[in-house]
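Student: Have a look at the structure that comes next, please.
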Amino acid sequence: MTTANNNTPNRFVEWLKNSAAGVFVKETQSELRKVTWPTREEAIRLTVVVLVLSAAASVVLFAADALFSWGLLQLQSLFAQ
């Protein structure tokens, strides 16, 4: 009876290894080992670059929105008179 209990987990593990999910996990682990991860300094520097560029894009989009809004209000007031 103990051999049946010992074989059941082994069969499950073998089935899981050969299933699509198991193959996916193995391939994902293999690909993640190939990745060149950035150093802490690189990650901080690149994060700052992303934040600065996001802020700049936000300012530009806000300015364009405000300009178009102002222009439409001017057109509306021109035709309302």
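Here, each number is a calculation from the coordinates, and none is a lab measurement. This is a predicted model, so every value here is computed, not measured. Using ideal geometry, Cβ is built from the backbone for each residue, glycine included, and neighbour counts are taken over all protein chains shown.
Student: Just to verify a number: FRET efficiency for residue 52 and residue 32, C-beta to C-beta distance, R0 = 30 Å, to 0.05?
Tutor: Computed FRET efficiency for residue 52 and residue 32: 0.55.
Student: For residue 69 and residue 45, what is the calculated FRET efficiency with R₀ set at 35 Å and r taken between the beta-carbons, to the nearest 0.05?
Tutor: It comes out at approximately 0.45.
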